[in-house]
Amino acid sequence: MLSTVHTAFPLNHQKPYSAHLCSLSSRGIIANTSLLLTPTRPRSSPSLCAALPTDASSAAAATVREESEEGAALPSLLRQGPLPKHVAIIMDGSSRWARARGMPSSFGHEAGHRALKKIVELSGRWGVRALTVYAFSSENWTRPEAEVDFLMMLFESVLKGSLGDFMKDEISVSIIGDITELPQSLQKLAKEVVDMTKKNTKLDVLVAISYSGRRELKRACQNIAQKVKHGLLAPEDITESHIEQELETNHIEFPHPDLLIRTSGELRVSNFLLWQLAYTELFFTKTYWPDFGEEDYVEALHSFQSRQRRFGQRLN
Amino acid sequence: MEKLEGKPVTNVIKSVQCFLRRCLFLVLSFGPIPKHIAFIMDGNRRYAKRRNMKEGSGHSVGYAALITMLQYCYEMGVKYVTVYAFSIDNFKRKPEEVQSLMNLMMVKIDELLDKKSIVHEFGLKINFWGNLDLLTEPVRLAAEKAMASTINNSGPVLSICVAYTSTNEIIRAINKTCARNKERIPQACINCDGDLLADSINSSISIVDLEENLDTANCPDPDIVIRTSGEARLSNFLLWQTTLSHLQNPSPLWPEFSLRNLIWSILEYQKVYSYLEAGRRRAKKDN
């Protein structure tokens, strides 16, 4: 999610960087994507093996294979207890991260995307079943137009370029939020990606774009009011599960996050998954989102495992 | 004789403490003081267990801690304090614990209405938020009496959430909204046979409609939510109203939460105040 944007330089100083991006996208979004999506797989690459003498290369490959097998396994710190089934993340701090480096916010968002890719990969590997990420809130539309345009472009290129990975890793993608506020091309692409990945079952990734928790709940209430209006439901029969069915998270197996992570040190929920967070364990870290990596994720998951969840009752 | 001699000394000490506290609050007030603080009073039972106290006595200690904390908040200038006293989920606890909590609530509600209580000292208005029909009859009547007798008070507000969960509050709000929408049907929308014309029922609900029918209508959203004992979750407390609030989870158990902890909470809030307010303004525009 975007934090407050104060770009390090006035917009005209961003021209060289944005001109670079424009030249990339003029060669086609797909070509642009290959630059934005940094591969992070810890597997042996042909270039590594090719650079070494033959005797050492097989040993190195074996080491890399062993390390990648270890990497695929759960870190020992997390083997003590169950992992959360559904993790929600407020990806905050990308703009501030970029500003601290004297770079425009777009630089932060790209780095943020790389961090997200890593976390999605780890989640799938370690058995998390659902991941909801707050990519763009309904309030973020008030950001500078250049930044918003860049983000819409980034979302499009990521969705297009990652479709192969989603299918290979059996990830189903859904978009939650007011999709009608997005550019037409992004709406169309999002619907295609959602359709094509809906049969995947290993990991549900929900991306909140143009999302507001209060609006989602208001829409759920309106749908219920419609049912009351048409005599399908009496007001006194309305229950919490009626609301649950109307929420945008209703289609996944584990709709309630067990753990919410918010980066960059902000201690608020900020209109994210309002109803669904009733019993969620909250984890706040000062790390900015682009710096949030495997170690930080392990720390958050380990913190979850050390909590006693009582749901209002007594444990003994 | 000893008691009479002790009393003036105790009073002097208390007055000095009060004076020093007010000086401290004056310094704090150079920064923004939150209008509304919400407390999730967690840790009473663990407190009693750690001190080998009688089972169930933790909640009495917790009540005493609450009165002290209210004193500090209202002296500081906080206008609204909300506390999570008893959740609907808590009904699932052992019947003996639930019963003892109901008894404690009844006793303490009566104490609150006593002439020497904090309610009279500050002219507090008391709210009880929650599904009060789930309470035992005597407790429900005591709560309604407390609300009725303080309804015209113009001082700060104390809101006590009992038999409360936020999800239940929202359901009740939808219920009320649908019922009120039905009442607004003009006579012309009923045909000559006396049947209601379905299209005449305005079923659209706005965010304002919902907020007006929540228990918290007429009360601003909490600026800070403090959950004691270090737990970091909302436990179905004011989910709608706290979505922009500053969340804090200090480690002390509720009876251990002291003036020092409260001041630290306020300072933490003051550090990020401008950022919080900017968030609220953006959210208001968006709604």
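Observations, loosely collected:
- Solvent-accessible ranking of B:PHE122, B:PHE86, B:PHE30, largest area first, probe 1.4 Å: B:PHE30, B:PHE122, B:PHE86
- In region B:202-235, burial by the other protein chains removes 50 Å² or more of 1.4 Å probe accessible surface, compared with the chain on its own, from B:SER203, B:ILE205, B:ALA232, B:ARG233.
- Formal net charge of residues neighbouring B:TYR80 (Cβ-Cβ distance under 11 Å; K, R +1; D, E -1): +1
- Accessible-area rank, largest first, for B:MET105, B:MET53: B:MET53, B:MET105, with all protein chains present and a 1.4 angstrom probe.
- Stretch gain in nm, segment B:ARG93-B:THR10, where the contour uses 0.36 nm per residue and the Cα spacing is subtracted: 25.8 nm
- Value in Å of the Kirkwood radius, where chain B supplies the Cα pairs that are averaged: 21.1
- Ellipsoid fit via the Cα gyration tensor, region A:226-289: semi-axes of 33, 11, 9 Å, each the root of five times an eigenvalue, largest first.
- Cα-Cα over 24 Å, subset of B:LYS49/B:LYS125; A:LYS160/A:LYS202; A:LYS188/A:LYS227; A:LYS117/A:LYS168; A:LYS168/A:LYS191; B:LYS79/B:LYS284: B:LYS49/B:LYS125; A:LYS188/A:LYS227
- In this assembly, the B-A interface accounts for approximately 4500 Å² of buried accessible surface in total, computed with a 1.4 Å probe and without ligands, DNA or RNA.
- The equivalent ellipsoid that matches the C-alpha gyration tensor of region A:114-159 spans semi-axes of 26, 12, 7 angstrom, in descending order.
- Sites B:LEU20 and A:GLU240, calculated FRET efficiency, Cβ-Cβ separation with R0 45 Å, nearest 0.05: 0.40
- Alpha-carbon Rg/Rh ratio, for region B:1-125, with Rh computed the Kirkwood way: 1.02
- The residues of region A:111-147 listed by number as losing at least 10 Å² of accessible area in the complex, against the isolated chain and with a 1.4 Å probe, are A:SER138, A:GLU139, A:THR142, A:ARG143.
- Solvent exposure of chain B as accessible area per residue, Å², 1.4 Å probe: 49
- Proximal charge balance of B:PRO220 [Cβ under 15 Å; K/R count +1, D/E count -1]: 0
- Of the DSSP H helices in chain B, those whose Cα atoms cover at least 15 Å axially and whose Kyte score averages 0.0 or more: B:2-28, B:57-76, B:95-112
- For region B:204-281 versus region A:139-170, the gap between their alpha-carbon centres in whole angstrom: 32
The values are calculated or read from the model by the stated rules, or taken from the named source; none is laboratory data. Values in this document were obtained by computation on a predicted structure and should not be read as measured data. All Cβ positions, glycine included, derive from the backbone under ideal geometry; neighbour counts span all protein chains shown. Heavy atoms of the whole protein, side chains included, go into the accessibility calculation; ligands, DNA and RNA do not. Shrake-Rupley method; radii C 1.70, N 1.55, O 1.52, S 1.80 Å.
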